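Let me begin by presenting the structure, written as structure tokens, before commenting on it.
The values are calculated or read from the model by the stated rules, or taken from the named source; none is laboratory data. This is a predicted model, so every value here is computed, not measured. Positions of Cβ are backbone-derived with ideal geometry, glycine not excepted, and every protein chain shown enters the neighbour counts.
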DNA sequence: AGATAAAAGGACTTTTTTATCCTTTATACA
DNA sequence: TGTATAAAGGATAAAAAAGTCCTTTTATCT
């Protein structure tokens, strides 16, 4: 479903949402260690998220990554599309160039409901709200 | 979700279910042309499916691929697991090593329905039945 | 101003996936 | 029995994804 980079991105964003803030930035090293993820690869991913204004960063001593108030309002759908492109939730499950409700591939019906469901959920939940649930339920990231 | 090889495999199997039979075998070349898929790559995929008894084949003149009566009773879940391994429908969407209903990742609830629903549908529908529907509704493969 | 810390960016390597080609084996049929 | 046909199998090539390293830029603090 998601590329490795996208998985790391989602986890990093959620980790930042829970553990960082403008006053408490986190460096790549810390995040990579906490998530048990390759450090340099994660650095690239955070760069990309930062360039696309999905996370915030500061250089220099006491610098690092965090989520601004604006960032917290975005959704994981934005993160996913930033990493894996805009078609993740629309592409045909069999890779057919044309596949829609009018012109469905043999698995369209089976795949549509579920994919669309995930899409909807990721789209309509703010990262900040998700983070609150994660804290409340003490979920691992 | 599925690897390219897996997508080709699903399409090839359905194509055989609709267009081939023991009395009317199809060669790689024909199938590849019909599906607009790389020929040699498809050959490898058909080999693998054949080795795992998900499709049938015959060498020599008037040889080719087809589905036996047994093959037709299998499900696309078998095809998918043959190509992408047994964990496709169980693996955590974020790649976490432990992720279950008891110990859910932050996206477990959202993803579970999606994956499990597709899994169920692919598992409980025989390839032969799917093929009938494809013919009836004149769907593209 | 100088030293240090951390992200940004570019270049590169490794691994995996996708795709191609060539040789061998099996079989049908004249 | 020889020839042609088609899958099976092995080896390799090309492309994409994952992962690493090095240099530059920006900021902080003394």
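Consider segment A:18-44 and keep the residues that are more than 12 Å from DNA strand D (Cβ to nearest atom) and assigned to a helix (DSSP H, G or I). The one that is surrounded by the most Cβ atoms within 10 Å (Cβ to Cβ) is A:31.
Let's see how each residue does on (1) over 30 Å from residue A:12 (Cβ atoms); (2) surrounded by 15 or more Cβ atoms within 10 Å (Cβ to Cβ); (3) within 14 Å of DNA strand D (Cβ to nearest atom):
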| residue | (1), (2), (3) |
| --- | --- |
| B:46 | yes, yes, yes |
| B:70 | yes, no, no |
| B:74 | yes, yes, no |
| B:89 | no, yes, no |
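Tell me, which residue of segment B:122-141 that is within 18 Å of residue A:92 (Cα to Cα) and under 14 Å from the mean Cα position of the chain (by Cα) is surrounded by the fewest Cβ atoms within 10 Å (Cβ to Cβ)? The residue in question is B:141.
Within segment A:97-114, does at least one residue satisfy the condition of being in contact with a strand residue (DSSP E or B) (Cβ under 9 Å, 6 or more places away or on another chain) and within 30 Å of residue A:71 (Cβ to Cβ)? No, that holds for no residue. Regarding segment B:11-21, can at least one residue be identified that is more than 14 Å from chain A (Cβ to nearest Cβ) and in contact with a helix residue (DSSP H, G or I) (Cβ under 9 Å, 6 or more places away or on another chain)? Yes: segment B:11-21 contains one or more residues that are more than 14 Å from chain A (Cβ to nearest Cβ) and in contact with a helix residue (DSSP H, G or I) (Cβ under 9 Å, 6 or more places away or on another chain). With respect to residue A:75, is the statement that it is more than 16 Å from the chain's Cα centre (by Cα), more than 9 Å from chain B (Cβ to nearest Cβ) and either at pLDDT 95 or above or under 22 Å from residue B:6 (Cα atoms) (or both) true? Taking the combined requirement at face value, the residue does not satisfy it. Selection within segment B:56-84: residues that are in a loop (DSSP other than H, G, I, E, B) and in contact with a helix residue (DSSP H, G or I) (Cβ under 9 Å, 6 or more places away or on another chain). The member of this set that is farthest from residue A:36 (Cα to Cα) is B:67. On the stretch given as segment A:85-121, residues that are more than 7 Å from chain B (Cβ to nearest Cβ), assigned to a helix (DSSP H, G or I) and under 15 Å from the mean Cα position of the chain (by Cα) total 2. Going through segment B:3-17 one residue at a time, which ones are in contact (Cβ under 8 Å) with a residue 12 or more places away in the chain and buried (at least 19 other Cβ atoms within 10 Å of the Cβ)? Across segment B:3-17, the qualifying residues are B:6, B:8, B:9, B:10, B:11, B:12, B:13, B:14, B:15, B:16, B:17.
Can you tell me which residues in segment A:95-112 are within 19 Å of residue B:111 (Cα to Cα) and surrounded by 14 or more Cβ atoms within 10 Å (Cβ to Cβ)? Listed by number, the residues that qualify are A:107, A:108, A:110, A:111, A:112.
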